[in-house]
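Heads up, the thing below is written out as C-alpha cells.
Since every read-out is calculated from the coordinates, none of them should be taken as a lab result. Please read all numbers here as calculations on a predicted model, not as lab measurements. Heads up, the Cβs are rebuilt from the backbone with ideal geometry, glycines too, and the neighbour counts pull from every protein chain shown.
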Amino acid sequence: MTRYILRRLVQAVPVLFGITLFTFLMVHLTPGDPVLIFAEGKPLSEEREAQIRELYGLNRPLWIQYRDYMADLLHGDLGQGLRDKRPVWDTIQEAIWPTLQLAAAGLTVALTLGVPLGIFAALFHNSWLDSAAMVVALLGVSTPVFYLGLLLLFAFSFHFHLFPATGTGGLENLILPALTLGFASAAFIARLVRSSMLEVLRQDYVTTARAKGVREQLVVTRHALKNAMIPVVTYFGIQLAGLLTGAVVTEQVFSRPGLGRVMVTAIGNRDFPLIQGAVLVTAVVYVLVSLAIDLSYAFIDPRIRYE
Amino acid sequence: MSDARPLTVRIGVRSQRRAAASLAPMAGSNGLVHDALRRLWRNPGAVAGTIVLTAVILLAVFAPVVAPYDPIEQNSTAIRAAPSAEHLFGADNFGRDIFSRVLYGGRMSLPIGFVAIGITAVVGVALGLIAGYYGGRVDTVVMRWVDLMLAFPGILLAMALVAILGTSLFNLMLAVGIAAIPEYTRVVRGTVLSAREAEYVVAARVSGAPDRSVVLRHILPNVLPPVIVLATLGIATAIILGSTLSFLGLGIKPPTPEWGNMLADGRSMMRHQWWVSFFPGLAIMLTVLAINLLGDGLRDALDPRLRNR
C-alpha cells in the first residue's frame, strides 16, 4: 500500500515538471519574437525593445530563463498581467474559488442524477424505463454544454422566471449553472453505472444472496451497488476533465467569474503571463486531484494494492 | 505475403501450419467486414444515425444550392424576424437568414471535426504502433510524453494551443486534433502489445518479414477496429470542442457562420429572439447525436464483446 502511494507520488513529479516546461515554453513557441508579446502590439523603439528583453530576461539563454521561471514559481511568483499589471497569482486566487464551487455543485448534480438513473435502468433492464433512461443519457452525452445552458436560461430564467440569469452569491445563482455543468457527466455516469450494475447482477455472489432469501432491496444496495460503483470511481478522472471543460463554458454562458473566464479573456488579450499562470494552475490542480482519486481507489478496491 | 519468401530461419512444420491457420482470417477479412456491416445494418440506432449524418453532410455540401439566402448578406427588412415561411429559422439582428447560416455553418463545423480527428488518428496510431512494437526506450519516451499531454484536460490543451498558434481555421483543427492524440496512442499501444505476442505475428517475424510489413500487414488490422470506433465517437467530441472554442470567441470569427459562433451571437438575444441560438445549437446536437448512435453501433458491430458497455 505504502509502496503504491509512493510510486504514484514519484510518477507525478515528472508530469508536474513537464507542465512547468510547457507553460514556460508557451511564450517561445508562438510564431515571431516573444518581445512582440510583451510589447502588446505597441510600436517598438530599439530602446524599448532592449528594455523589455532585459525586464523579462529574454536576452539570456533559454535554460537560464527556465531556471529563473522555476525559481519564481517556487516563490509563488507567477509574474504580472500585461493588461492590469496585477500579480497573476492574485487574479487566479480570486477566480479559482468560484470555479471550484461550480465544479463541486456540478459533480453533486452528476452523481445525484446519474447514479439512480443508471441503477434503475439496470434493475429494469430492457423495459421502457431502461430505454427512457438511456435516451436521456444519450441526449446528455450529445448536447454541448453551452447549448444546454442557453436552453435552461431560456426556460427557467426568461420564460418561467424561476432563477436569475446571471450573477453569483446565493444558491439560486448556482442551480442553473450546476445543472448545465452536471448533466453531461450525469449521462456518462448513468451509462457507466447501468453497464456495471448489469455485470454485477449476473455475478454468483448476487445469486447466492438472493438464494439465501436476502431482500431484493438489500441485495441491490449491499451486494451489487458497492461493487458496481468501482468503475465509476475509476472514471472520475475522465469526469474531472469533463467538469473542468464544462466549467469554462458554463462560466461564459452565465457570466460567472472564474478561472475559465480569466483564461478566455487572457487569450483574447494575448496576455501571456496570465495565460501561462492559468494553464499552469489548472493543470497542476487537475494532476493533484487525479492523483488523489487514484490513491483513494486503492482504499476502495483492495485488489489494486497487490499489483 | 511471406509464403512466397524463402524462410530465413528454420521453423518447425507445426509453427508454419499454425501461422497459416492464424493468417486465414486475414485472407477472409472481406467476410469479417461483411459480418460487421450486417450487424451494423440490424442496429436501428446506427441506421438512423447514418441517415441523419448523411443528410447533414449533404446539406452542408450543397448549401450554396439549398440555402435560400446569402449567409452573410444583411437584410434591413428582416431584422430579428421570427421563423416563418419566408425565413424558416428566422433571422438575426442583421437580418441574416438563420436557415442559410446553419447550412453554411456546417461547412465549417463538420470539416473541423473530421479533419481534426484525421490528424489525431494518423499521428496517434503511428505513435501507438511505434511505441507498442519497438517497446523499450522508444516506448518510454512516447508514453511519458502521452502522460504529460494527458495532464492537460482537452479543452485546456486546445486553448493553450490556440493561444500559441493564433486563431485560424487550420490552427483550430490542429488544436482540436492534437488535444485528442494521447488517448489514441494509449489505446493503440495497448492493442499492439497484445497483438505483438500473437502466434501469427511471431511467425511472420521469425520467417524474416521486415518490421514495416509485420506492423502494417499483421498488427495494424488488429488496431483498426478500436481506432474506427474511437475515431467515430471522436469526431463528435471534436465537433463539440471546435464549436466550443468558437463559442468562446477563440475559433472561427463572425461574420463567417459557424455553429458555435452563431450560438454565441444569439446569446444576448435569447430572451426575445430564441431562434438565433436555438437552431445552430440544434444542428450541433443532431449531428453529434447521429455520430454517437453510429459510433455505438460500430462498437457493437466490430466487437460484440463490448455490447451493453
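Couple of notes before you dig in:
- Folded to 0 to 90 degrees: helix B:169-196 orientation relative to chain B principal axis, Cα: 30
- Using the Cβ of A:THR30 as centre and a radius below 15 Å, the other residues enclosed give a net charge of -2, where K and R count +1 and D and E count -1.
- Relative to the dominant Cα principal axis of chain B, helix B:44-61 is inclined by about 60°.
- Ranked for footprinting exposure by Cβ neighbours inside 10 Å, fewest first, B:VAL138, A:VAL284, B:VAL33, B:VAL125 give B:VAL33, B:VAL138, A:VAL284, B:VAL125.
- The alpha-carbon of B:LYS253 sits under 24 angstrom from the alpha-carbons of these lysines, leaving out residues fewer than 8 places away in its chain: A:LYS42.
- Phi angles of the range B:101-118 translate, via the Karplus equation with coefficients 6.51, -1.76, 1.60 and θ = phi - 60°, into HN-Hα couplings of 5, 5, 4, 5, x, x, 6, 9, 4, 5, x, 4, x, 5, 5, 4, 6, x Hz per residue; Gly and Pro are given as x.
- Dividing the summed helix terms, -39500 (n - 2.57) for each DSSP H run of n ≥ 4, by the number of residues in chain A produces a 222 nm estimate of -24000 deg cm²/dmol to the nearest 500.
- Comparing Cα centroids, the range A:1-45 and the range B:251-295 end up 34 angstrom apart.
- Candidate cross-link partners of A:LYS212 among the aspartates and glutamates, defined by an alpha-carbon separation under 17 Å and a same-chain spacing of 8 or more, comprise A:ASP204.
- Neighbour-count order for A:MET263, A:MET134, fewest beta carbons within 10 angstrom listed first: A:MET134, A:MET263
- Overall shape of the range A:210-264 was characterised from the C-alpha gyration tensor. The equivalent ellipsoid obtained from it has semi-axes of 42, 12, 6 Å, in decreasing order.
- Cβ-based net charge around B:GLU73, under 11 Å, with every Lys or Arg adding one and every Asp or Glu removing one: 0
- Within chain A, the whole DSSP H helices whose Cα atoms reach 30 Å or more along their own axis and whose mean Kyte-Doolittle score is at least 0.0 are A:2-29, A:88-123, A:172-201, A:272-300.
- Cα shape, the range A:102-212, gyration tensor, a/c 1.5 rule: prolate
- Computed over neighbours whose Cβ is under 11 Å from that of B:VAL215, the net charge equals +3, Lys and Arg +1, Asp and Glu -1.
- The range A:185-307: C-alpha pair distances exceeding 24 Å, %: 49
- Ranked packing of B:85-92, A:64-71, A:120-127, most packed first, by mean Cβ within 10 Å: B:85-92, A:120-127, A:64-71
- Prolate/oblate/rounded label for chain A (Cα gyration tensor, a/c 1.5): oblate
- Counting, for every residue in A:147-153, the Cβ atoms of other protein chains within 10 Å of its Cβ and taking the mean gives 6.
- For the range B:203-213, putting each phi into the Karplus relation 6.51 cos²θ - 1.76 cosθ + 1.60 with θ = phi - 60° gives couplings of 4, 4, 5, 5, 6, x, 5, x, 3, 4, 6 Hz, in residue order, rounded to whole numbers and with x for Gly and Pro.
- For the protein assembly as shown: rounded, prolate or oblate by the Cα gyration tensor [a/c cutoff 1.5]: rounded
- Residues A:LYS85, A:LYS226 in ascending order of nearby Cβ atoms (within 10 Å, fewest first): A:LYS85, A:LYS226.
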